[in-house]
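Student: Take this structure first; my questions come after.
The values are calculated or read from the model by the stated rules, or taken from the named source; none is laboratory data. Computed from a predicted structure; not experimentally measured. Note that each Cβ is placed from the backbone with ideal geometry, even for glycine, and that neighbours are counted across all protein chains shown.
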Amino acid sequence: MNQKDTRKETLEFNKLQKRLRRNVGNAITDYNMIEEGDVVMACISGGKDSFAMLDILLNLQKAAPIKFEVVAVNLDQKQPGFPEHILPEYFETLNIPYYIVDKDTYSVVKEKVPEGKTTCGLCSRLRRGTLYSFAEKIGATKLALGHHMDDIVETMFLNMFHGSRLKAMPPKLRSDDGRNVVI
């Protein structure tokens, strides 16, 4: 790769980064997703979506007309082969507050769900319950998840085929008990 190609890739990356920040910033404003004084618990799985979400939140935090905190949280579900050191090291390089929550949901799911059946439903409920409880414990006012358009479309189809209704993920979801807000 030559220098011209590298510059072009850098410019394209910067344009993409600006567009993502602008779109996320507009969505936050349009749906009042983050408010003055919020403590946003950024739920980081270790996947590219949650890394991108954290990067965008931290950049928006610097430029936003309101003050809000961002706290990174990873739920270590004790899945075999998940490298425990990577996320703490990454959070340290960002110099942000973070927590690693240890909760062995993996064993529970393996015990309860028959081999060959999908684990997504039970795993999602266990994960969400743990994150909701932890958010209350640390005083987080919002939980940010790294969902993207494909996740929203998938949820809509799952609801349509299995729930007999046409419903997708809202931009701001209040938990059933009303104590948590997911953005």
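Student: Scan region 84-103 and report the pairs whose first residue is of a type in the set (A, V, I, L, M, F, W, C) and whose second residue is in a loop (DSSP other than H, G, I, E, B), with Cβ atoms within less than 9 Å and a gap of 6+ or a chain change.
Tutor: Correct list of pairs: Ile86/Gly46; Leu87/Ile44; Leu87/Gly46; Phe91/Ile44; Phe91/Pro97; Ile100/Glu84.
Student: Identify, by number, the condition in (1) modelled with pLDDT under 90; (2) surrounded by 16 or more Cβ atoms within 10 Å (Cβ to Cβ); (3) among the polar types (S, T, N, Q) that Thr155 doesn't meet.
Tutor: (2)
Student: Moving on. Restricting to region 123-140, name every residue that is in contact (Cβ under 8 Å) with a residue 60 or more places away in the chain and of a type in the set (Phe, Trp, Tyr).
Tutor: Phe134
To keep it simple, each residue is scored yes or no on (1) over 18 Å from Leu143 (Cα atoms); (2) of a type in the set (A, V, I, L, M).
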position: Lys15; (1), (2): yes, no
position: Arg21; (1), (2): yes, no
position: Thr29; (1), (2): no, no
position: Gly37; (1), (2): no, no
position: Ile56; (1), (2): no, yes
position: Asn74; (1), (2): no, no
position: Glu92; (1), (2): yes, no
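Student: Suppose we filter region 71-83 for residues that are free of Cβ contacts under 8 Å to residues at least 60 places away in the same chain and at negative phi; how many remain? Talk me through it step by step, then tell me what you get.
Tutor: First pass over region 71-83, keeping only residues free of Cβ contacts under 8 Å to residues at least 60 places away in the same chain: 72, 74-83.
If we keep only those that are at negative phi as well, we get 72, 74-77, 79-80, 82-83.
The total comes to 9.
Student: Could you grab me the full set of residues in region 113-135 that are in a helix (DSSP H, G or I), modelled with pLDDT of 80 or more and loosely packed, with under 13 Cβ neighbours inside 10 Å? Steps first, answer last, please.
Tutor: Looking only at region 113-135, we keep the residues that are in a helix (DSSP H, G or I), and these are 120-135.
Within this subset, residues satisfying the condition of being modelled with pLDDT of 80 or more are 125-135.
Across region 113-135, the qualifying residue is only Arg125.
Student: Also, quick follow-up: Quick check: anything in region 50-65 under 20 Å from Pro171 (Cα atoms), in contact with a Ser or Thr (Cβ under 7 Å, 6 or more places away or on another chain) and touching a residue at least 12 places away in the same chain (Cβ under 8 Å)?
Tutor: No, region 50-65 has no match at all.
Student: Right, something else. Suppose the filter is of a type in the set (Asp, Glu) and under 24 Å from Thr141 (Cβ atoms); does Glu69 pass it? Quick ask: steps written out before the conclusion?
Tutor: Working: of a type in the set (Asp, Glu): yes; under 24 Å from Thr141 (Cβ atoms): yes.
So Glu69 fits the description; yes.
Student: Might you check whether a residue that is basic (Lys, Arg) and surrounded by 10 or more Cβ atoms within 10 Å (Cβ to Cβ) occurs anywhere in region 50-66?
Tutor: no
Student: Give all pairs with beta carbons closer than 9 Å in which a residue from region 1-26 that is without any contact (Cβ under 8 Å) to a residue 24 or more places away in the chain meets a residue that is surrounded by fewer than 10 Cβ atoms within 10 Å (Cβ to Cβ) and not in a helix (DSSP H, G or I); count only pairs at least 6 apart in sequence or on separate chains.
Tutor: These pairs meet every condition: Glu9/Met1.
Student: Name the residue that is nearest to Gly37 (Cα to Cα), counting only residues in region 67-86 that are crowded, with 18+ Cβ neighbours inside 10 Å and at pLDDT below 95.
Tutor: Result: Leu75.
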